[in-house]
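Remarks on the structure that follows.
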Amino acid sequence: MLPLSRRNLLRGAAVGAGALSIPGAARAAAAAAGSVPPARWIGAGPFARVYDPSTPAGPRYLNDHTLIEARGRWHLFAIVGDGAPRGESPDSTAEISFAHASAPDPNGPWTTHADALTVDPSYFGEEHLWAPHVVEAGGRYWMFYAAGGGNGAAINLATSTDLSTWTREPSGPLFRGLAARDPMVLRIGGEWVMYYTELSGPGGHHVVACRRSADLVRWSEPVVVFADASTDTTVSVTESPYVVERDGWYYLFIGPRNGYEGTDVLASRDPFRFDLTGAAGHVPGHAVEVFAVGETWYASAAGWFEQGLHLAPLQWRDTPPPWQSPDDPVAGLDVGGRLTVFALDAADRSMLRRVQLAPDTDTWSEWEVFGGPAGAVPTLGRDTDGRLEVFSLAPGGVNLHHRVQRADGGWNDWEEFGGPAGAAPAVARDAAGRLEVFASSPGAASFARRRQSWPGSTAWEPWEAGFGGAAGAPPVVAANADGRLEVFVLAVGGTGVRHRWQESPGGAWTGAWHPFGTAAGAAPRVAADGSGRLTVAAIGPSGTGTFFRRQSVPSGGWDGWQPLFEWSAAAPALAANADGRLEAFSLSPGGARLSHRWQLSPGGNWAPGGEFGEPGVRLAATPSAALDSTGRLHVFAVTAEGLVRTRVQAVPSGGWRPWTAFGDRRVAPVVSGSPAL
C-alpha cells in the first residue's frame, strides 16, 4: 500500500472507517445557521511575515500551526519542511517533525528551539506529523495532531509540562477516520469539543466533523458540523477548521477557499451547525488561526508557499469589503490609440494614470492623479469611436462613478453611475456597440445590469436589478462571435461556475442560469480568440490546478474542461495576440512564480510554456495584459513591494523583451479577484 501524503489527502482519501452521520438539521440550510447571521463581516490584512524558519542550509516553510501563550511567552508549533522550487509544492510525505519557536509577543522577535516532536514509526505506525493544536488543561499542555499509518488516518495526542518535552499517549491514537486530520480543540459548555477535517464516507464529501470529550482522551462518535457540497474526494476545501466564539456567535474558519491562500468564515449561533447561509467573511491566508491579545484580534497564517509565519490584524466589520478588480493595474487603448494604464496609489488610494506618449512608442507620461480615492482598481469600457470610459468604485463601496473620454482626448468630469457597489463592474460591448455593465452588490449578494441607450451615448437605461442572485464572486462577461453577450459567475461556496447569455444579439437573456462546470476555487476568466471562440479558465478548489473550457464552434457549444496550469493563485489572465492566439499568465500561490502558455494557432492547442517572471521578484497578484495599437502585448505586474513592472513583446505576436520598471511610484498591491480590507 502506498503511504498517504498530505497532497493525496488534498486530492482525496478513502481508507478505514465508515460513513459519518449528518444531523437532519445540518441538512436544512436555514436551520443550520441558527438564525440570521450577525451584521458583521470578518476580514484581515495586510499579512506581514513575523517569523522565518529558514536556516543557512536553505529556505524552510511552515504549514498548519498553533499558537499558545504560556508563562509570559508565546509558543509556536507547526508543520515544517524544506522549501520546494519556486511555485511548486513540497513533498508532504517528508513532513515528519514539528517546529517550535517562542517570542515575547506574537509579532516577535521569535527564537527558534529544537523541534518539538519527530515522527516515530514504532508508535502505532506513525508516518507523518501534521497540524498540531495545543491547549492547556489540568497543569499540562495537550498537543493533538494528525498522523498516518497502516490502519489509516489517525488523530494522536502528546502531552507536556514545559512545552519542550512531549510524551505520546501510551494507549495510542485517540481515534482513526477516513481522512481525519487538522484537529482543533475548544472548550464549550463544560466539555471539550474537537473539530477536524474528514470525509462523510468513502467517495463522499469533505466535511468538518466534531467529537466531544470530558477528559481530552476519550472522545465521542463523530457528527458533521459542516458539509461542503462543492467537491467529492477530489479536493478538500474543509482544511484547518478553527472555531472562535464572540458575542454569542461562533465563527468557523475553513479553507483553502478562493485559492490556496484563502480562508472563508461561517457564522452560527450553534457551534455544531454551520453552512453557507452563515457566510460572514474571508481572510486571504492559508491554515488561518485566530486569537486575541486583550481587545486586539489577530489572524495568523502559514503555508507551503509563504516561508514562515505571517500575522495580520483581524477586523470585524458591519459591511463587506469591496471585491478587488481582476486586473491590477488595468490598461486599454484610448481614443487616440494610446495605451493607458490605471492603478491606485499606495499612500491614499487615489486613482493614477500613465499614457503612452505616442501609439507606436514605449515612452510614457509620468504617473498623474486621475481621481480621488477608490475602493478598487477601476474597470474600463471602450466605445465604438474609441473613447474610453472608466468605472470606479468609491471607498467603502459607497457607490459607483464613471468618467468618459471626449473625442479630443480630454476627459469629462466624474459622474455618479448608481447601481450596486460591491466591486468595480464588469463591462463589455454588445452587438449594437452599446456598453453593458454588470455590477455586484456588497458581498456578491446579487448583481444588476445596465446598458447605454445607444452606442457611444452618455445616457444609460435604468438598472435591471436582480439580474443575478448571490454569487461567490462578481461576474465576468465577454461577447460571442455573433455579438451575443455571455456572463459567467462563480456559485456561492465555489460549488461551480454558472452562465447566462443573450438569446439573440442585443436581445433578451436566458431566463435561468445554467451550470457551466464543476467546483471552482475562485472567479473565472473569459476571453475570445481569433477563431471567434470563447475560452473560460478557472482554478480548481484550493488552487491545485487551472483548467480551461472553450467553445466547440464560434458562438456554439462547449468542449470539456482540460488542464492548463498547475498551482495557481487565481484564474490566469487571458489576452489575445494580434494574430488571434490567446496567451495565458498564471501566478503561483505566494507570487514567486509566473507561468506562461500560448495557443499554437487561434483556438488551437496550447504550447507547454514555461517561466515568465523574474527570479527573486514576488508578485502581489496575477498580472494584466493589453494590446497596444501596433499589435504588441504589454504585461503589467505589481510586485509585493507595490512597484509596477512591465514586459512587452518585441514584435506583434512574437517574443518578449526583458522586464523593466514602469515608473517608481508605489501603487496599492491587492489580492485581485477577492475581497480585501
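The values are calculated or read from the model by the stated rules, or taken from the named source; none is laboratory data. Only a predicted model underlies this, so the values are computations on that prediction, with no experimental measurement involved. Cβ placement follows ideal geometry from the backbone for every residue including glycine, while neighbour counts extend to all protein chains displayed.
Please state which one of F438, F447 is within 30 Å of P589 (Cα to Cα), modelled with pLDDT under 95 and of a type in the set (F, W, Y).
F447 is the lone residue from the list that is within 30 Å of P589 (Cα to Cα), modelled with pLDDT under 95 and of a type in the set (F, W, Y).
Only residues that are on the phi > 0 side of the Ramachandran plot and polar (S, T, N, Q): list them for region 510-547, please. Residue satisfying the conditions is S542 alone.
Of the strands (runs of 3 or more DSSP E) that lie entirely inside region 548-601, those containing 1 or more residues that are aromatic (F, W, Y) span 562-565, 582-587, 594-598. Only residues that are in contact with a Pro (Cβ under 9 Å, 6 or more places away or on another chain), surrounded by 14 or more Cβ atoms within 10 Å (Cβ to Cβ) and of a type in the set (D, E, K, R) were counted in region 332-374, giving 4. Taking into account only those residues within region 582-602 that are farther than 19 Å from G543 by Cβ and crowded, with 22+ Cβ neighbours inside 10 Å, which is farthest from the chain's Cα centre (by Cα)? Once the filter is applied, the top-ranked residue is Q599.
Annotation note: Cβ proximity below 6 Å between a residue of region 91-113 that is touching a residue at least 40 places away in the same chain (Cβ under 8 Å) and a residue that is surrounded by 18 or more Cβ atoms within 10 Å (Cβ to Cβ) and part of a loop (DSSP other than H, G, I, E, B) (sequence gap 6+ or interchain) occurs for S92/S5; T93/S5; E95/H128; F98/L129; A99/P53; A101/W110; A103/W110.
Any residue at all in region 174-189 that's more than 34 Å from the chain's Cα centre (by Cα), assigned to a strand (DSSP E or B) and not basic (K, R)? Among the residues of region 174-189, not one is more than 34 Å from the chain's Cα centre (by Cα), assigned to a strand (DSSP E or B) and not basic (K, R), which makes the answer no. In region 612-624, the residues that are assigned to a loop (DSSP other than H, G, I, E, B) form Cβ pairs under 7 Å with partners that are surrounded by fewer than 16 Cβ atoms within 10 Å (Cβ to Cβ), at six or more places apart or across chains, as follows: R618/A640; A620/A640.
Which residue, of A25, A99, A114, A19, is among the small types (G, A, S), over 29 Å from the mean Cα position of the chain (by Cα) and modelled with pLDDT of 95 or more? Walk me through how you get there before you give the answer.
On the way: A25 fails: modelled with pLDDT of 95 or more; A99 fails: over 29 Å from the mean Cα position of the chain (by Cα); A19 fails: modelled with pLDDT of 95 or more.
Matching residue, one of A25, A99, A114, A19: A114.
Kindly evaluate P322 against the criterion of being out of contact with any Asp or Glu (no Cβ under 6 Å at 6 or more places or on another chain), surrounded by 24 or more Cβ atoms within 10 Å (Cβ to Cβ) and under 18 Å from V265 (Cβ atoms). Yes, satisfied.
When the test is whether a residue is over 21 Å from V243 (Cβ atoms) and modelled with pLDDT under 95, P104 does not pass it. Considering each residue of region 269-286 in turn, none proves to be within 26 Å of R212 (Cβ to Cβ), within 16 Å of the chain's Cα centre (by Cα) and either basic (K, R) or not in a strand (DSSP E or B) (or both).
Which residue pairs have Cβ atoms under 8 Å apart, sit 6 or more places apart or on different chains, and have a first residue in region 466-482 that is more than 21 Å from A570 (Cβ to Cβ) and crowded, with 17+ Cβ neighbours inside 10 Å and a second that is at pLDDT below 95 and aromatic (F, W, Y)? These pairs meet every condition: F467/F447.
In region 129-151, what residues are within 28 Å of E69 (Cα to Cα), assigned to a loop (DSSP other than H, G, I, E, B) and touching a Pro at 6+ places or on another chain (Cβ under 8 Å)?
Matches in region 129-151: none.
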